[in-house]
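A.B. asks: What follows is a structure written as structure tokens; I'll ask about it next.
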């Protein structure tokens with residue numbers, strides 16, 4: 001299980017560092033935990049020891065800049081899985097169906113398997 005925390009601004013990352021308990025649940029249920037950011041947003045030495053870093057490169061590809069350490073994790077509870085399923089349904093209704101070209105791009109790149 002891999003958890004990703006997406007950060008698109010430096011201030012958002014700094015707020016996260018002041019509230020480490022925000023990621024407690026994600027750490028509990030994941031073997032690997034990554035911050036995913038634009039290139040250069042976070043310096044590797046700023047990362048908490050339990051976190052890795054994935055950066056969006058100028059060419060649009062993601063690259064692991066710092067490997068996350070492997071941790072044993074707990075299996076998710078049914079309550080947790082159900083909450084994720086409910087959120088997916090909510091987002092589907094908010095966003096509507098994905099445009100056909102967007103789906104084709106994901107199929108070509110292997111993002112949807």
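A.B. asks: Can you tell me which residues in region 50-65 are assigned to a loop (DSSP other than H, G, I, E, B) and at pLDDT 95 or above?
C.D. replies: First, pick out the residues of region 50-65 that are assigned to a loop (DSSP other than H, G, I, E, B): 50-51, 57-61.
Those that are assigned to a loop (DSSP other than H, G, I, E, B) and at pLDDT 95 or above: 50, 51.
A.B. asks: Is it the case, given these coordinates, that residue 68 is assigned by TED's automatic domain parsing to the domain that holds residue 1 and part of a loop (DSSP other than H, G, I, E, B)? Give the derivation first.
C.D. replies: Values: assigned by TED's automatic domain parsing to the domain that holds residue 1: yes; part of a loop (DSSP other than H, G, I, E, B): yes.
When the stated conditions are applied, residue 68 passes them.
The values are calculated or read from the model by the stated rules, or taken from the named source; none is laboratory data. Remember, predicted model here, so these are calculated numbers, not experimental data.
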